[in-house]
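The next block holds one structure in the form of structure tokens; read it before the comments.
The values are calculated or read from the model by the stated rules, or taken from the named source; none is laboratory data. Bear in mind that the values here come from a model prediction, so they are computed numbers and not experimental data. Note that each Cβ is placed from the backbone with ideal geometry, even for glycine, and that neighbours are counted across all protein chains shown.
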Amino acid sequence: MFHNMKLSHEAFERIKSGKKTIEIRLYDKKRRLINEDDVIGFTDIENEKSRIKVRVKKLHIFKDFSELYKALPLSACGYDENEKADPKDMDKYYTPKAQQKYEAVGIEIELMMPKDKELTSLSKYISLILRHDPGLAGIALDEHGWANTQELIKGIGKTRFINMDILEKIVREDSKQRYSFNEDKTLIRANQGHSVSVDVELKETKPPEILWHGTAEKNIKSIEEKGLVKMSRLYVHLSPDHSTASAVGKRHGKPAVFAVDAEKMYDDGYKFYISVNNVWLTDHVPPKYIKICD
């Protein structure tokens, strides 16, 4: 069963960050409808576009808030460790009459991961920020393309639901391995594909004999005339095999795949680099080194 609830901005942010895992409520008629494994949708009362979903793990029911405050870990209920917690704090939410009528409940919750479709959309948004427009999240990239992880989460969190667990899942499971953390995960960057000027510390590498480039059929004439150009990106992107290039091309329409004589280019003095997610990069591929595949 699904339930809707509103929260103060402070409580919303604490749940969103994972610090608050128990929501305290009066066990009234509405709350008596809640059961374990139900889903609650919380809305920030200061920004109704900010919503998160949680799963109910357990209901802790007490005679009143005094008993609840004695039994439950108050840090999990939203209090700071040095903050004085008092059952009378609930008087600002519920009248004495209501508190006498009903019991109190601590709703133990856990954040729910966004669905695959939502994760895909979020990953694309992260790609946009880390590759092209860090200002969208109010952050800056250093000279090597690294962003502060917590600043990124905070910036994205102003408009979308994200936390460290979600970001780690995106980085870990991204099919194209677009992103990397540093060793302690305090920094994050896109592995390649930037239009902003950064040095992602690529090492020059000798390429295989043939590399591949996938695109849409509508681009064939232009490529045959001008070769492969980097456009707004820092490099031309090449794939290590035909199937990967074909998959890239399908993202842009009816696919067309070009074979690139990378060995000849390298022998002629062109530089190649390979990213950590196995994308080959070079500055430009002139027409004489490419051939359209059947």
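If a residue must be touching a residue at least 24 places away in the same chain (Cβ under 8 Å) and of a type in the set (Ser, Thr, Tyr), how many such residues does the range 101-148 contain?
Residues that pass the stated criteria total 4.
What tally of residues in the range 14-28 results from selecting those that are modelled with pLDDT of 95 or more and either assigned to a strand (DSSP E or B) or over 18 Å from residue 58 (Cβ atoms) (or both)?
Residues meeting the conditions: 7.
Kindly provide the set of residues from the range 187-231 that are under 18 Å from residue 123 (Cα atoms) and of a type in the set (Val, Ile, Thr), ordered by number.
188 - this is the single residue of the range 187-231 that is under 18 Å from residue 123 (Cα atoms) and of a type in the set (Val, Ile, Thr).
Residue check: is residue 228 out of contact with any Leu (no Cβ under 7 Å at 6 or more places or on another chain) and buried (at least 16 other Cβ atoms within 10 Å of the Cβ)?
yes
For the range 176-215, give me the residue count where each residue is hydrophobic (A, V, I, L, M, F, W, C) and over 28 Å from the mean Cα position of the chain (by Cα).
Residues that pass the stated criteria total 3.
Going through the range 192-212 one residue at a time, which ones are outside any strand (DSSP E or B), of a type in the set (A, V, I, L, M, F, W, C) and closer than 19 Å to residue 262 by Cβ?
Correct list: 202 only.
Out of (1) under 33 Å from the mean Cα position of the chain (by Cα); (2) more than 14 Å from residue 176 (Cβ to Cβ); (3) buried (at least 16 other Cβ atoms within 10 Å of the Cβ), what's the single condition that is false for residue 279?
Failing condition for residue 279: (2).
Tell me yes or no: at least one residue of the range 14-27 is in contact (Cβ under 8 Å) with a residue 60 or more places away in the chain and exposed (fewer than 14 other Cβ atoms within 10 Å of the Cβ).
Within the range 14-27, one or more residues are in contact (Cβ under 8 Å) with a residue 60 or more places away in the chain and exposed (fewer than 14 other Cβ atoms within 10 Å of the Cβ).
Count, please, the residues in the range 128-160 that happen to be under 19 Å from residue 51 (Cα atoms) and assigned to a helix (DSSP H, G or I).
6
Which condition from (1) among the acidic types (Asp, Glu); (2) surrounded by 13 or more Cβ atoms within 10 Å (Cβ to Cβ); (3) under 16 Å from residue 285 (Cβ atoms) is the one that residue 217 breaks?
Only one criterion is unmet by residue 217, namely (3).
Does any residue of the range 165-185 turn out to be under 30 Å from residue 71 (Cβ atoms) and touching a His at 6+ places or on another chain (Cβ under 8 Å)?
No: the range 165-185 contains no residue that is under 30 Å from residue 71 (Cβ atoms) and touching a His at 6+ places or on another chain (Cβ under 8 Å).
Which residue out of 78, 106 is assigned by TED's automatic domain parsing to the domain that holds residue 42, assigned to a loop (DSSP other than H, G, I, E, B) and surrounded by 18 or more Cβ atoms within 10 Å (Cβ to Cβ)?
Among 78, 106, only 78 is assigned by TED's automatic domain parsing to the domain that holds residue 42, assigned to a loop (DSSP other than H, G, I, E, B) and surrounded by 18 or more Cβ atoms within 10 Å (Cβ to Cβ).
Residues in the range 218-232 that are among the basic types (Lys, Arg) and within 18 Å of residue 207 (Cβ to Cβ): how many?
Qualifying residue count, the range 218-232: 1.
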